[in-house]
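The values are calculated or read from the model by the stated rules, or taken from the named source; none is laboratory data. None of the values given here were measured: they were computed from a predicted structure. Every residue, glycine among them, receives a Cβ derived from its backbone with ideal geometry; neighbour counts consider all protein chains shown.
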Amino acid sequence: MPDASTPSSASESAVPHLYLVDGSSYIFRAYHRLPPLTNKHGQPAGAVYGYTTMLWKLADSLNKADGPTHMAVILDASEHTHRNEMYDQYKAHRPPPPEDLVPQFPLIRVATRAFSIPCIEEAGLEADDIIACYTVAAKAAGWRVTIVSSDKDLMQLIDEDAGIDMLDTMNDRRIGRAEVLEKFGVPPEKVGDVLALMGDSVDNVPGVPGIGPKTASQLIQTYGDLETVLASTHEITKPKLKQSLIDHADAARLSRELVRLVCDANLPEPLEDLSLKGIPLEPLQAFLEDQGFKSLLNRLTGSAPQKGATVVNDVMAAMEPKRAAQAEPEKIEVDRSKYETVTDEDSLDRWIAEATAQGFVAIDTETDCIDCIIARLVGVCLATAPNKACYIPVGHGGGDLLSEAPNQLPLDLVLAKLKPMLEDPAVLKVGHNLKYDWVMFDKAGIEVAPIDDTMVMSFDLDAGRSFGHGLDELAKLHFDHECIPFKQLCGTGSKQITFDKVPLEAATEYAAEDADIALRLWMRLKPRLAAEEASRVYERVDKPLVPVISRMERRGVKVDREYLAKLSAEFGAEIKSLEERVYEAACGPFTIGSPQQLGEVLYGRLGLKGGRKGKSGQYSTDVNELERLAAEGVTCATLVLEWRQLTKLKNTYTDALQGQINGETGRVHTSFSLTGAQTGRLSSNDPNLQNIPIRTEIGRKIRDAFVADSGFKLLSADYSQIELRLAAHMADVPQLKEAFRGGADIHSITAEELFGTVDRDTRNKAKTVNFAILYGISSWGLAGRLGVGKDEGKAIIDRYFERFPGIQDYIHKTLAFVREQGFTQTLFGRKTHFLPNIRSPNPSIRGGAERAAINAPIQGTSADLIKRAMARMDDALVKEGLEGVRMLLQVHDELVFEVPDGQEEQAAEVIRRVMSTAAEPAIRLDVPLDVEVGWGAHWGEAH
DNA sequence: AACCACTCTTA
DNA sequence: GTAAGAGTGGTTG
């Protein structure tokens with residue numbers, strides 16, 4: 001316990017023991033592992049809190065055996081060091097620190113001063129180098145040294161014989177020679193050689209391509225050091241490895257210098273000045289008070305816990321990592337009896353005050369309808385800690401004469417009281433599928449921010465795994481807890497009731513549980529984001545999209561009902577006439593829409609020849625089969641094809657769409673799912689506006705039903721061949737990249753490479769092959785598509801790989817990675833998981849997983865790009881004075897806007913710019929991203 | 001009423 | 001060959 005009055009009991013004769021705290025690396029880890037808390041000024045302080053408790057622990061061991069007699073915190077002073085002179089790419093791709101961490105950096109120095117511990121930083125030296133200098137100097141003086149860090153670079157310094165070790169306070173673990181041997185397979189003095197071979201993507205130390213920790217360790221174990229490895233390449237049998245070592249020997253030597261720690265610089269402060277006898281009470285107490293770290297303050301002053309401080313501190317304590325034990329995380333059983341129904345103003349105020357003081361709260365809304373556009377608010381839930389949740393009913397009962405409304409607070413009052421907290425930038429609102437709740441509050445004029453969405457978090461961590469991302473499923477998975485099923489309250493089918501009819505006790509148990517679980521999920525998932533490298537895609541791509549998509553859904557798109565009705569009537573008449581002709585051709589009536597009956601008619605009654613299909617033993621009657629028959633002159637098949645096209649259009653689009661038009665807005669409000677597609681794409685439902693026909697003349701008429709509001713035009717902007725461009729970049733294919741840069745026709749280039757000549761036929765074939773590549777090629781599949789034999793299919797693929805070896809390389813590398821790691825990644829780090837299928841012994845299952853794995857990085861990167869563009873779009877438009885432009889739809893590579901008349905050109909320019917620069921600054925693509933823009937009175941015209 | 005198989009629409 | 005959602009018929013409970 002820090003206390004100036006404690007006499008120094010360490011014997012004066014004992015060897016001095018210097019603790020060197022790697023402050024810079026610590027706060028990054030603290031930031032990612034702790035919840036985003038704020039101090040009492042509303043500033044972000046999660047990392048500062050973590051840092052403070054770490055110093056506290058160290059101070060606690062002051063004067064104890066093996067505790068420090070001398071201590072210093074080492075920080076990075078400047079970005080630019082001698083390593084940048086050696087290698088201009090050093091740490092070049094490092095993203096800027098998160099926004100809510102930046103203001104915490106200066107607080108770190110304040111905290112260090114509060115403990116009266118020296119804080120050392122030196123221009124031109126990284127913290128690692130300063131630590132090395134002090135370590136070497138202390139060693140020379142015969143001192144013991146403990147480096148408080150878990151940075152692998154610093155492990156080079158460990159020398160237990162000389163009393164130099166490391167302490168990882170996050171995991172509460174001492175790191176000595178044995179731990180280094182376990183991690184690297186080599187002793188500390190050879191760690192630098194291993195690091196040089198394996199490189200470091202975070203610091204952008206190049207290393208040798210193809211060599212990771214395993215191979216690097218093996219090589220150094222075999223040959224002893226880097227130079228010997230490089231001099232012994234003739235002995236290496238694996239050809240790839242050998243060549244890579246030869247080709248990148250210089251990069252390896254450069255890397256060796258980059259990871260070498262500077263240990264001979266002058267010490268900014270003499271060793272003796274780092275002596276630490278005790279921690280004066282005064283500055284520390286003032287600091288803790290200022291930050292509002294009440295639990296630490298109580299421990300310092302020894303007083304009883306102060307009222308009002310308990311919740312936040314309990315949560316902080318619960319979040320404090322005790323990972324060393326690696327025991328089961330302590331499980332707090334869900335206890336629904338603890339939930340509260342809030343029906344009076346005082347209780348409501350109390351909950352809001354608590355959420356505000358704590359700086360985070362889980363929220364959930366209950367409504368009378370699944371469609372958030374027409375839904376009315378029935379109740380709101382808040383959760384501030386496990387089992388600490390409430391339900392605030394605002395719209396229960398009173399809907400009919402039989403039921404009297406229960407006692408509850410008025411809707412307007414509740415919203416007015418919630419608004420400041422929901423919009424408070426210092427209070428994080430956590431929710432599961434917050435998009436829904438965001439719309440509900442948006443309708444009430446409340447812009448909820450900042451937010452964390454546990455459904456999106458789960459998706460960014462676990463896309464592709466064998467479970468979904470719904471709240472109930474995740475509760476079962478992560479907490480082995482069964483949520484109350486919605487059905488249990490509201491029934492199902494015709495007997496279903498709306499949530500406002502549910503009695504308050506039952507409603508509270510169900511609703512508060514959802515908020516409770518969302519909060520627990522957040523505590524569970526948030527730390528995983530950083531640990532599993534999912535922070536970037538979550539923070540920069542998906543989370544920002546939640547409000548963006550909410551707004552798009554709320555705006556909806558205008559649909560011309562009369563026009564659709566007219567189309568429906570036309571299609572209906574045509575269908576009727578076709579039916580009669582089909583019956584005539586088939587010698588009697590049957591249900592045309594039944595593949596079973598159609599199969600019987602074609603292959604039974606009419607006696608045509610054709611194949612059966614797999615499991616059900618039923619005849620296949622899909623387009624391919626019918627087209628084959630039609631080509632043979634079977635009238636019935638031709639008529640059925642026409643019938644199918646028209647019924648599809650009528651049933652799915654012209655009829656159904658009319659029913660989807662919102663009576664109030666006259667518009668269709670689709671719902672976009674952020675977690676709908678494993679690759680990171682959005683999906684659209686109720687209705688699906690991402691599959692509106694375009695290919696055929698007759699289908700395209702449906703697009704004309706999507707119109708602009710009066711005084712507006714519809715503007716469509718789509719990426720030109722984005723997936724092929726990304727494939728050219730990611731697989732590094734010079735000819736294709738050059739073609740895209742020069743604006744050449746990519747399929748013609750491919751045709752030239754594959755067949756030596758370009759005409760309509762070869763170009764079409766080349767186009768098919770290009771797409772086949774994106775989908776994970778197989779000779780069998782390609783042959784089927786091209787209508788050629790399997791051998792010719794294989795020959796074409798071989799030729800393709802020969803002309804574009806980068807593609808083959810990309811496929812091999814992607815498959816090797818996914819087999820090893822179990823997941824693929826996009827350029828922006830989005831993961832899609834493929835275990836266990838990618839290692840399935842069943843070739844068909846495995847093959848399917850492999851094709852998906854080849855496609856996922858490309859499709860996913862494309863999805864990341866358009867999402868980045870969407871996240872930036874509104875700001876960019878507003879900046880150019882185009883606040884009247886509204887983004888309405890996303891169709892994978894296309895964005896649809898409503899633009900005020902006269903602003904088309906200006907809007908087109910901004911939209912094109914935002915879309916084509918969507919990769920920047922994170923990624924520099926070798927190919928341009930071309931965007932085609934068009935506009936008109938309706939969607940069809942905008943293309 | 002709930003589910004599956006089949007078919008068809010999009011990128 | 002990739003990724004989706006939706007309507008229909010037909011079976012199951």
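Could you tell me whether any residue of the stretch A:614-626 is in contact with a strand residue (DSSP E or B) (Cβ under 8 Å, 6 or more places away or on another chain), aromatic (Phe, Trp, Tyr) and either near DNA strand C (Cβ under 10 Å from one of its atoms) or free of Cβ contacts under 8 Å to residues at least 40 places away in the same chain (or both)?
Yes: one or more hits.
Quick one: which residue in A:Ser494, A:Ser458 is modelled with pLDDT under 95, part of a helix (DSSP H, G or I) and small (Gly, Ala, Ser)? Even if it seems obvious, please write down each step before you answer.
Working: A:Ser458 fails: modelled with pLDDT under 95.
Criteria check complete, one pass: A:Ser494.
Could you please let me know if A:Thr757 is among the polar types (S, T, N, Q), part of a helix (DSSP H, G or I) and modelled with pLDDT of 90 or more?
no
Residue by residue, here is whether (1) among the basic types (Lys, Arg); (2) within 30 Å of A:Lys831 (Cα to Cα); (3) at pLDDT 95 or above; (4) within 13 Å of DNA strand C (Cβ to nearest atom) holds:
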position	(1), (2), (3), (4)
A:Glu642	no, no, no, no
A:Leu646	no, no, no, yes
A:Leu657	no, no, no, yes
A:Glu664	no, no, no, no
A:Ser673	no, yes, yes, yes
A:Gly680	no, yes, yes, yes
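Could you please give the count of residues in the stretch A:55-89 that are within 30 Å of the chain's Cα centre (by Cα) and buried (at least 21 other Cβ atoms within 10 Å of the Cβ)?
0
Residues to consider are A:Gly784, A:Gly789, A:Gly793; find the one that is surrounded by 16 or more Cβ atoms within 10 Å (Cβ to Cβ) and over 24 Å from the mean Cα position of the chain (by Cα).
Going through A:Gly784, A:Gly789, A:Gly793 in turn, the sole match is A:Gly793.
Pull out all pairs, ordered by first then second residue, where Cβ-Cβ is under 7 Å, the residues are six or more apart or on different chains, the first lies in the stretch A:841-857 and is within 10 Å of DNA strand C (Cβ to nearest atom), and the second is β-branched (Val, Ile, Thr) and outside any helix (DSSP H, G or I).
A:Ala853/A:Thr824; A:Ala856/A:Thr679; A:Ala856/A:Thr824; A:Ala856/A:Thr832
Of the residues A:Ile796, A:Ile807, A:Ile777, which is within 11 Å of DNA strand C (Cβ to nearest atom), within 26 Å of A:Pro209 (Cβ to Cβ) and of a type in the set (A, V, I, L, M, F, W, C)?
After ruling out the rest, the residue left standing is A:Ile777.
Kindly establish whether A:Gly610 is over 24 Å from A:Ile698 (Cβ atoms) and more than 16 Å from DNA strand C (Cβ to nearest atom).
Yes.
Kindly list, by first and then second residue, each pair from a residue in the stretch A:587-598 that is closer than 16 Å to A:Leu626 by Cα to a residue that is in a loop (DSSP other than H, G, I, E, B) and within 8 Å of DNA strand C (Cβ to nearest atom), limited to pairs with Cβ atoms under 6 Å and residues at least 6 apart or on different chains.
If the second residue must be in a loop (DSSP other than H, G, I, E, B) and within 8 Å of DNA strand C (Cβ to nearest atom), the pairs left are A:Gln597/A:Thr591.
Filter the stretch A:209-237 down to residues that are under 37 Å from the mean Cα position of the chain (by Cα) and of a type outside the set (Val, Ile, Thr), then give me how many there are.
Residues meeting the conditions: 9.
Conditions: (1) in a loop (DSSP other than H, G, I, E, B); (2) surrounded by fewer than 18 Cβ atoms within 10 Å (Cβ to Cβ); (3) not hydroxyl-bearing (Ser, Thr, Tyr). A:Gln906 meets all but one. Number of the miss?
With (1) in a loop (DSSP other than H, G, I, E, B); (2) surrounded by fewer than 18 Cβ atoms within 10 Å (Cβ to Cβ); (3) not hydroxyl-bearing (Ser, Thr, Tyr) applied to A:Gln906, the lone miss is (1).
Looking at (1) in a helix (DSSP H, G or I); (2) within 16 Å of DNA strand B (Cβ to nearest atom); (3) surrounded by 14 or more Cβ atoms within 10 Å (Cβ to Cβ); (4) not charged (D, E, K, R), find the lone condition where A:Gly776 falls short.
(1)
Go through the stretch A:144-175 and give me each residue that's surrounded by fewer than 17 Cβ atoms within 10 Å (Cβ to Cβ) and within 26 Å of A:Ser275 (Cβ to Cβ).
A:Glu160, A:Asp161, A:Ala162, A:Gly163, A:Asp172, A:Arg174 - these are the residues of the stretch A:144-175 that are surrounded by fewer than 17 Cβ atoms within 10 Å (Cβ to Cβ) and within 26 Å of A:Ser275 (Cβ to Cβ).
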